[in-house]
Ligand code: ATP
Ligand code: ZN
């Protein structure tokens with residue numbers, strides 16, 4: 001699609017496991033939205049960025065045809081469509097987003113005839129991910145009939161439609177409830193930020209890059225803490241050694257106390273009590289750990 005748009009479009013799952021976290025991430029990245037009357041769009045109110053709400057399976061296609069510049073989708077969906085599309089252009093992953101974790105796993109009925117991966121040879125395997133499964137079978141040197149199902153894959157063995165399944169699993173509770181257990185993991189997946197393969201003529205590249213940087217910032221800020229303390233200047237080297245993550249700390253003088261300093265350090269995770277006590281032993285005072293709301297690297 002070669003329309004000239006000055007607004008960036010980002011495709012997000014309309015309703016499902018990724019929806020809430022995807023929108024929360026965009027809000028963390030500073031976007032504010034107004035919902036369209038038909039609930040298909042979220043109009044960006046403070047940046048020229050709109051969200052298109054769609055089925056997750058449609059997201060790779062929207063990126064490939066250029067209807068959207070960015071999308072948030074499971075790696076499983078992206079990889080399946082990439083493999084199924086052979087040499088067609090595909091959406092590129094910009095970065096993993098840390099939510100929607102799951103794995104594409106091969107599972108078989110408890111106490112059944114298939115006990116090892118080798119036993120899958122000649123079996124029928126039900127899946128919604130035929131391309132990923134075919135690739136894995138090829139790599140294992142196995143032959144099997146792939147039964148393509150779009151939903152309720154886990155009941156296929158009980159219905160006599162398949163001997164094994166290849167499906168998404170997170171906790172494994174659904175497998176257990178269906179008397180199935182995992183034999184192998186085919187793919188580790190999570191939600192990723194993906195980008196259209198097209199030369200992005202219509203929408204300024206600058207805008208896309210700005211949004212990607214904001215998303216990266218929102219992600220790296222999650223869990224980050226600012227550690228602040230005062231200490232004798234002589235303890236600086238020992239304190240720096242102890243700082244979690246050992247980012248470059250800022251060190252400033254304290255007015256009227258030439259032998260003391262104030263230290264600020266960004267930590268990727270919350271320093272634990274033991275680390276704080278250790279800092280105290282080295283002479284640190286007024287130790288504070290603060291949440292980091294936003295970060296722009
Ligand atoms: P849609 O109506 O958008 O097609 P869907 O039923 O295909 O929805 P969901 O079940 O909401 O999709 O899953 C969306 C994505 O969430 C999956 O593609 C996967 O990346 C991720 N996910 C995380 N955990 C699981 C899980 N236990 N089962 C299925 N998907 C999971
Ligand atoms: Zn789907």
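Every number in this text was worked out from the coordinates using simple rules, so none of it is lab data. Note that this is a predicted model, so its numbers are computed, not measured. Note: ideal-geometry Cβ built from the backbone for every residue, glycine included; neighbour counts use all protein chains shown.
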Under the classification rounded if a/c is under 1.5, otherwise prolate if a/b is larger than b/c and oblate if not, where does the stretch 102-188 fall, given a ≥ b ≥ c as square roots of the Cα gyration tensor eigenvalues? rounded
Where the centroid of each part is defined by its Cα atoms, how far is the stretch 145-195 from the stretch 112-127 in Å? 13
Which of 194, 139, 84 fluctuates most in a GNM of the chain (C-alpha springs under 10 Å)? That residue is 139
What whole-number distance in Å separates the alpha-carbon centres of the stretch 1-51 and the stretch 268-291? 40
Can you list the equivalent-ellipsoid semi-axes of the stretch 1-93, largest first and in whole Å, using the square root of 5 times each Cα gyration tensor eigenvalue? 23, 16, 11
Pulled fully out, how much extra length does the chain show between residue 290 and residue 272, if you take 0.36 nm times their separation in residues and subtract their Cα-Cα distance? 5.2 nm
log10 I(q)/I(0) for the chain, Debye formula on C-alpha points only (no solvent), q = 0.10 Å⁻¹, two decimals, reads -0.74
So if each residue of separation counts as 0.36 nm, and I subtract the Cα-Cα distance between residue 86 and residue 118, what length gain in nm does that give? 8.8 nm
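Starting from the Cα-Cα distance between residue 150 and residue 94, subtract it from 0.36 nm times their residue separation and give me the gain in nm to one decimal. Don't jump to the answer; show the numbers that get you there.
On the way: separation 56, 0.36 × 56 = 20.16 nm, distance 2.76 nm.
Gain in length upon complete extension: 17.4 nm.
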Rough spin-label spacing in nm, given labels placed 7 Å along Cα→Cβ, for residue 158 and residue 41: 4.5
Can you tell me the alpha carbon radius of gyration of the stretch 18-149 divided by the globular rule-of-thumb value 2.2 N^0.38 Å? 1.34
Going by C-beta contacts inside 10 Å, put 45, 278 in order with the fewest on the left. 45, 278
What number, in percent, do you get for the relative contact order of the stretch 225-291 if the mean sequence gap of Cα pairs under 8 Å and at least 6 apart is divided by its residue count? 51
Which three lengths, in whole Å and largest first, does the stretch 225-291 cover when its Cα atoms are put on their principal axes? 33, 20, 18
Mind telling me which of 236, 26, 52 comes out most flexible in a GNM of the chain, alpha-carbon contacts under 10 Å? 236
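How high is the relative contact order of the chain, in percent, counting Cα pairs under 8 Å that sit 6 or more residues apart?
Normalised by residue count, the contact order of the chain is 19 percent.
Mind sorting 167, 260, 121 by how few other Cβ atoms lie within 10 Å of their own Cβ, fewest first?
In increasing order of surrounding Cβ atoms, one gets 121, 260, 167.
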